[in-house]
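These notes concern the structure reproduced below.
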Amino acid sequence: MSAEVLEHIEDYPDEGVGVYISGLYMDGARWDRDLQVISDQFPAKMQETMPVVWFIPKMDYKPDPEEYQAPLYKTSKRAGVLSTTGQSTNYVLNVQIPSKEPPSFWVQRAAALLSMLND
């Protein structure tokens, strides 16, 4: 999956492919809207809202090893029951996010995307 960030939606995607998703949160990091990369979270701010993300389906997709593959979870608990596929029922997919840091930096911080918060 590739994610391109858009601030204003006025029409369908240019290529007519994919879907816009809004309402996601970033946990353990934040999206820097000026630099268009994942960045350290602000002090005392656990989750940040994400801008609208454009998901574009790709055949035989190969992730960019320089970008962070952020896991997207349904809830902020990040726990689920293992399904018959071996995946957690709370896990959705990885979202490719541009970064100035190596991906391992964000793995150590447990940065992830969430579709809802459990407050």
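Note on V19 and A79: the extension gain reaches 19.0 nm, defined as 0.36 nm multiplied by sequence separation minus the Cα-Cα distance. Per-residue extension of 0.36 nm, minus the Cα-Cα distance of N118 and D40, leaves a gain of 25.9 nm for this segment.
Just so you know, all these numbers are worked out from the coordinates, no wet-lab data involved. Model, not experiment: these values are computed from the prediction.
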